[in-house]
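A quick write-up on the structure given underneath.
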Amino acid sequence: MTDTHTIQLTLKPGQHDGDGQRVTEAAARHLGLATGRVRSAALYTVRYPLSEPQLHDFATRCLADPVLHDVRLNELTGAEGYATYILVARRPGVTDDEGTSAQNALADILNEPLDVHTQHIFSKKLYLLEHDLPETDLRRIAEELLGNKLINWLEVGRVADGIRDYTPRPGGGAEAITEVVSLTGLSDAELVQLSKANIYALNLEEMRAVRDYFAAPETQAERQAANLPADPTDCELEIIAQTWSEHCKHKEFSALINYKDLETGEEKQVDSLFKTYIKDATAEVDRQLRANGNDWLVKVFSDNAGAVRINADSLFVWKVETHNSPSAIDPYGGAITGILGNNRDPLATGIGGARLLFNTNVLCFGNPEFDGQLLTGQLHPRRILEGVRKGIEDGGNKSGVPTVNGAIVFDDRYAGKPLVYCGTGAVMPMQFAGKDSWEKNIDAGDRIIMAGGRVGKDGIHGATFSSIELDETAPATAVQIGSPITQKLAMDFLLLAARRGLLKCSTDNGAGGLSSSVGELAGISGGAVVELEKVPLKYPGLRPWEIFVSESQERFTLVVEPGKMAEITALGQEMEVELTDIGHFTSDGFLDVRFDGAPVARLNMHFLHEGVPRKILAAEWAKPAAAEPEIPAATDYTETLMQLLGSLNICSRESVIRQYDHEVKGRTIVKPLMGATGQAPQDAAVVRFNFESWEGVAVSNGIIPRYGDLDAYDMSAGSFDEAVRQIIAVGGKLPNLTPGDGIFWSVNDNFCVPDSVYDATSNPDGKQKLAKLVRMCEALRDATAAYCIPLTSGKDSMKNDFKAGGVKISVPPTVLYSMTAKMEDVRRAITSDFKQADDVVYLLGETHDELGGSEFYALHGQLGANVPKVDFARAKELYILIGEANDQQIIQSCHDLSDGGLAVALAETTFGYGYGAEIDLPAAGLPLMQQLFSESHSRFVATVAPEDVVAFESILEGRATRLGRVTANGELTVRYAGQTVLAAHTAALRAAWTNGPVNKLLGVASQESLNHSNSL
Amino acid sequence: MAQDAAQGAHKVQSEAQTGAAHASGTVRALILTGFGINCEEEFAAAYRLAGAEATIVHLNQVLHGQVSIHDFDILNFPGGFSFGDDLGSGVVLANKLRYRQTSTDGRTLLDDIRQFIAAGKFVLGICNGFQVLVKLGLLPNLGGNVVPEVTLTHNASGRYEDRWVTLRVNPASRTPFLTGIDRLEVPVRHGEGRLVIPDAATRAAIEAAGLNCLSYIDANGAGTSEYPLNPNGADLNCAGLTDPTGQVFGLMPHPEAFLSAYNHPDWARRRRLNPDASEEGAGLQIFKNIVAHIAQKNTSTAPAGQLANQH
């Protein structure tokens, strides 16, 4: 029996090596390197005592597929004809699900209990390359295609020199040491330096507040009594830093802002963006809803996710978050933890145990075809796109949660920090075992239980790290890798535990780890005692403060009454979810953290949650100078339409969409792509809640950052309207139109802006950026009031800048409105594509001279000036009329107009089946260019059966313009003033759209020549 | 830990009523879950809509002896990512069924499943569940000794995909699951669905017995290897297999995701064309078939419970 073994699996001769082939293709395509043939092998290093026969049985029966693999034991050798190699291992402590699975299999074949929480098996990949490439080229392939230096250990070299192996040995280092950090007598500069050196991300004023708290006589007396040192411990400063981080505390959204409009000279003071424009606006909406008998707004802003009532039995829970900074440095890990972390929010709302219904995601990237020089530490946009896409695939698919829709926005300003928005909808019963499910109640004496994964050094400082701008020195520990299978087990457990009444409440461990989750829950009871030595670790060597703030994934903090401990512990054992009792709640007003009985931290809860000094910020608005370009009118716009359909921001995302499971659970009624072709893009997803009723929810996303270059108010208003009209397009109805109609809307706002705090040297245009944010918020308030649509939760991400080598890449101010609305009967949903020849085609709403910021102008390299504006009152009238037409079921198809205007929308409506259309644009009114490509808001292309035309026009009155009819011949023809100005076969239009840059870059590269037979 | 899907998505879950008396003729479907399986709810809904009683149980309840598969008529392995599929789809779960001893006499769950099949009962695996049955050797099981004879591995495209395909039923297949079905539209949602048959003899034996019961077809109804009509490049263009008895059936696509007509991507146009068409999804027929078959068998022979107890 020896303790360390290596198992190598290679494909049998003749078996197709897809992995190897993809390395060859990607190296040639993205790096211009010729690798020759590449052969892949799976490696497992087993650190567990096994006899030779045991090792052989394990390798051949559990790991190898008898049809596909040859097995080699305890040898690491190359193969004939391969000159070089790349070995991809993981760094110490990095999640290794494959190793964990192998360990499970080993326990089964040995029929021995194996501690599955200690890593005994380490999985790796070995690639053999035919060509004798120099080490620098091998490193490029390794680092740019196969692994990420921050999480992978990469070995490269010549096979002839011997293949170097690497197996991580986590652990070692310091243990239960708590250090004291003296703040007494530090100068301002020293305080700032201390904050920066420790990634506290606290400014001078905040550091002073911390110093003053510790220096206060009452604090000193309390500390002496509790046997704590006079100066703060490392853990205490870390807790304050996490709790006060921009990420957790939203200090800038709570700041006092002095706003000045440089044009009008108007000055005003905004007393907290959050309070003024979000919380108060929603309170006003709620007042109007309740006055009309619509009392479905159950929980807003005060929990992990917002909750609205579906019906007497159940709640809909909705949360959208961002995970930008982690995705910039490790796109796969950042995105998968984004999805899984966001899933935990609805899962742990109220008591916890909601059933996840769907995911949605919106992504903003730099141009994936960028071919310039990258900054130090900056990843290529293509790599970020591919990594994030894969993270969403694994995060959603492996959790069994359908990804029902989303969007991808490209703009070079996202090349430093991408934006990764993850949204999750869930359904929760109104009651669990007789208790209101949405309430979080905690009493002194309740136990604190950590459930799910273990704690390692991964993700330390995530909350504070995301609260500062990103530079080339990003800490490796801020990277986390998600384990969807670990979370799936915890999720299954939580569902049952809640339904059995074993949970008092729960929360997730996200940013700030236990420090945040326990710290927040302790606010309910009034205190907590945590015994850190009980927290199960992935490996030894963590200091107490690291244990407390680590953001290791897949963890929940549960609140359990002492009398229910035995039952919940047994359920955890049965479902193989680790539960650990790490302390209890108190009501003495202190967060008290200990390690083996020794004090580690003891902080006044009031100071911790309310002690952060308020920021005072300055904002200055000046309308950007802009002018309309002179673009000569053309007589034929067919080629222009083709170009638009193939442009980066309009082209098909099918290659991305199809790699997400959008229909697991069997409830998705309107999917991202529909129609007989499966290629008709839809405006909003529609998902039914269960198999017993036809009630469901429509889901949409509004995001149009490029309009912000002209006016941030109009950009925000337009984004809000875009999300509303997408839901109207699929057959949704505005809320509160009739008393007690119960049609809920639940909206999350997510602001992602560049650093907007003015600094004369580091951020000279900070005031302008902040003014944009103020205007975005003003538009949000106006929109919620106009439509009577409430916000239920949201998030702001304030430092989306990437800095390296003296260059700063800042995102454009961006806001995403993620909307959900109840559909009373999903069978009444409307899809975007034409349904039948001879149906009459209408334009609903009005077109204005609004090409500013349009895709049409972008095609000509112009921005323009006339940004589309929303007329909320007119829009609302139209949406109500469309709802009336839908009540009579006379709209056959409906597609909202957005990027590319009417021309692109018309083309897209032909993609489902191949029907064409004959369109006549009105000769009066706007010029042709504006009619075709203006992106005016609140418009739709809709079709109506000939027999319903009279009824339809009598409902819509002047708001519908008859454009023409659907044809069976597959030609899209547009005439204007007697001339044909656009004519193309719909197959050609669809080809231009599907062969756009996204599918080209991420599509199936080449048909592989496998031996197929046609037997049936 | 059992979850009764009939209670609906938002109702309190109830315990499995193992051993409880049941009205004669009630067909009982056992649906396994846990460890990353994630299609159990729609699987249960399918059986319920087909008139059977569906019971969802965590695999550990079966492994630990709290639930006996012999109290049921159909054993079901739903789709998902069991144990994350990290070692190859279905591998770790198959391994657990084959090796994990469930009692002191060294018995495994696979021993129980073999007994279950010998008693004339049925096993269905979809997607990840199909992968489990193949890795276990329950499919195609030409030799009858339950060793892996074929495999399912990475799609030729190298990627996971969700897309709708059209299948044709092999007329030579005699499995009751597919009675009366000629063609079927269903979604595939997998990354490892390419059937690999290692040699010509195995291929010939599968074809001769008609075990390749479902194949991917083109617009003309012919079996096709062309992507994306054939989404994974499977040998024999094969989407599903049965064992020689027809009692064990597995397929990569998801009929349980097509229980309602409104699941189809082209439902809106089709309903315009044919407003009075059934609101039922075509995937439901497979479940109705097997439930009807068992119900008929149960009324014409001894109750299933007694059969199982003879072993």
>> Exactly one condition in (1) polar (S, T, N, Q); (2) closer than 20 Å to B:Glu256 by Cα; (3) in a loop (DSSP other than H, G, I, E, B) is false for B:Asn220; which is it?
In response: (2)
> Which of the residues belonging to the stretch B:250-282 are over 18 Å from A:Asp825 (Cα atoms) and more than 9 Å from chain A (Cβ to nearest Cβ)?
Replying inline: B:Gly250, B:Leu251, B:Met252, B:Pro253, B:Pro255, B:Asn274, B:Ala282
> Mind checking which residues of the stretch A:59-95 are assigned to a loop (DSSP other than H, G, I, E, B), charged (D, E, K, R) and within 9 Å of chain B (Cβ to nearest Cβ)?
Replying inline: A:Asp65
>> Would you confirm, using the coordinates I've provided, whether A:Gly731 is part of a loop (DSSP other than H, G, I, E, B), buried (at least 24 other Cβ atoms within 10 Å of the Cβ) and not acidic (Asp, Glu)?
In response: yes
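Determine whether B:Ser215 is of a type in the set (Gly, Ala, Ser), out of contact with any His (no Cβ under 6 Å at 6 or more places or on another chain) and at the interface with another protein chain (Cβ under 9 Å from one of its Cβ atoms).
yes
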> What is the one condition in (1) surrounded by 15 or more Cβ atoms within 10 Å (Cβ to Cβ); (2) within 14 Å of another protein chain (Cβ to nearest Cβ) that A:Glu112 does not satisfy?
Replying inline: (1)
> Within the stretch A:852-870, can you find the residues that are in a loop (DSSP other than H, G, I, E, B) and among the charged types (D, E, K, R)?
Replying inline: A:Lys869
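Only one of these is of a type outside the set (D, E, K, R), within 17 Å of B:Thr245 (Cβ to Cβ) and at pLDDT 90 or above: B:Leu110, B:Leu97, B:Leu93, B:Leu63. Name it.
Step by step, each of B:Leu110, B:Leu97, B:Leu93, B:Leu63 is checked, and only B:Leu110 is of a type outside the set (D, E, K, R), within 17 Å of B:Thr245 (Cβ to Cβ) and at pLDDT 90 or above.
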>> Quick check on the stretch A:682-700: of everything there that is touching an Asp or Glu at 6+ places or on another chain (Cβ under 8 Å) and surrounded by fewer than 24 Cβ atoms within 10 Å (Cβ to Cβ), which residue is nearest to the other protein chains (Cβ to nearest Cβ)?
In response: A:Phe691
>> Please list, ordered by residue number, the helices (runs of 4 or more DSSP H) wholly in the stretch B:15-114 having 3 or more residues that are more than 10 Å from chain A (Cβ to nearest Cβ) and among the charged types (D, E, K, R).
In response: none
>> Being under 25 Å from B:Leu273 (Cβ atoms) and either touching a strand residue (DSSP E or B) at 6+ places or on another chain (Cβ under 6 Å) or among the hydrophobic types (A, V, I, L, M, F, W, C) (or both) narrows it down to one residue among A:Ala924, A:Ala903, A:Ala945; which is it?
In response: A:Ala945
> Which one of A:Thr668, A:Thr677 is within 14 Å of another protein chain (Cβ to nearest Cβ), more than 25 Å from A:Gly794 (Cα to Cα) and β-branched (Val, Ile, Thr)?
Replying inline: A:Thr677
> Taking the stretch B:178-194, which residues are within 16 Å of B:Glu161 (Cβ to Cβ) and buried (at least 23 other Cβ atoms within 10 Å of the Cβ)?
Replying inline: B:Val186, B:Pro187, B:Val188, B:Arg189, B:His190, B:Gly193, B:Arg194
>> Here's a check for you: in the stretch B:146-169, which residue that is assigned to a strand (DSSP E or B) and of a type in the set (Asp, Glu) is surrounded by the most Cβ atoms within 10 Å (Cβ to Cβ)?
In response: B:Asp162
> Among (1) under 30 Å from A:Leu262 (Cβ atoms); (2) in contact with a Pro (Cβ under 6 Å, 6 or more places away or on another chain), where does A:Pro629 come up short?
Replying inline: (2)
>> Going by what's in this entry, would A:Glu654 be described as farther than 30 Å from A:Ala786 by Cα and modelled with pLDDT of 95 or more?
In response: yes
> Which helices (runs of 4 or more DSSP H) does the stretch A:601-710 wholly contain that include 1 or more residues that are of a type in the set (A, V, I, L, M) and closer than 24 Å to B:Arg269 by Cβ?
Replying inline: A:638-645, A:654-657
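So for the stretch A:871-890 (the condition being within 14 Å of chain B (Cβ to nearest Cβ) and assigned to a strand (DSSP E or B)), does at least one residue qualify? I'd like the intermediate steps shown before the answer.
The first filter runs over the stretch A:871-890 and keeps only residues within 14 Å of chain B (Cβ to nearest Cβ), leaving A:886, A:889-890.
Narrowing further to those that are assigned to a strand (DSSP E or B): none.
No, the conditions are met nowhere in the stretch A:871-890.
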>> Residue under question is A:Ala107, and the condition is that it be surrounded by 15 or more Cβ atoms within 10 Å (Cβ to Cβ), free of Cβ contacts under 8 Å to residues at least 12 places away in the same chain and among the hydrophobic types (A, V, I, L, M, F, W, C); does it hold?
In response: yes
>> Looking at (1) under 29 Å from the mean Cα position of the chain (by Cα); (2) more than 30 Å from A:Ala622 (Cβ to Cβ); (3) surrounded by fewer than 22 Cβ atoms within 10 Å (Cβ to Cβ), which one does A:Glu222 not meet, given that it meets all the others?
In response: (1)
> Out of (1) under 19 Å from A:Glu144 (Cα atoms); (2) within 14 Å of chain B (Cβ to nearest Cβ); (3) buried (at least 19 other Cβ atoms within 10 Å of the Cβ), the odd one out for A:Ala27 is which?
Replying inline: (2)
>> Taking the conditions exactly as written (at pLDDT 95 or above and surrounded by 22 or more Cβ atoms within 10 Å (Cβ to Cβ)), does A:Ser936 satisfy them or not?
In response: yes
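If you go through the stretch A:704-717 one residue at a time, do you hit one that is touching a strand residue (DSSP E or B) at 6+ places or on another chain (Cβ under 7 Å), acidic (Asp, Glu) and either surrounded by fewer than 22 Cβ atoms within 10 Å (Cβ to Cβ) or more than 9 Å from chain B (Cβ to nearest Cβ) (or both)?
no
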> Residues B:Ala208, B:Ala222: which one is at the interface with chain A (Cβ under 8 Å from one of its Cβ atoms) and surrounded by fewer than 18 Cβ atoms within 10 Å (Cβ to Cβ)?
Replying inline: B:Ala222
> In this structure, does B:Glu185 turn out to be farther than 19 Å from B:Leu139 by Cβ and in a strand (DSSP E or B)?
Replying inline: yes
>> Quick check on the stretch A:884-902: of everything there that is of a type in the set (A, V, I, L, M) and within 19 Å of A:Asp721 (Cβ to Cβ), which residue is nearest to the chain's Cα centre (by Cα)?
In response: A:Leu897
> Out of (1) more than 20 Å from A:Trp153 (Cα to Cα); (2) in contact (Cβ under 8 Å) with a residue 60 or more places away in the chain; (3) touching an Asp or Glu at 6+ places or on another chain (Cβ under 6 Å), the odd one out for A:Leu76 is which?
Replying inline: (1)
>> When the residues of the stretch A:196-219 are narrowed to those that are closer than 23 Å to A:Gly589 by Cβ and of a type in the set (Asp, Glu), which ends up surrounded by the most Cβ atoms within 10 Å (Cβ to Cβ)?
In response: A:Glu206
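The values are calculated or read from the model by the stated rules, or taken from the named source; none is laboratory data. No experiment lies behind these values; they were computed from the predicted model shown. Cβ: placed from backbone, ideal geometry, glycine included. Neighbour counts: every protein chain shown.
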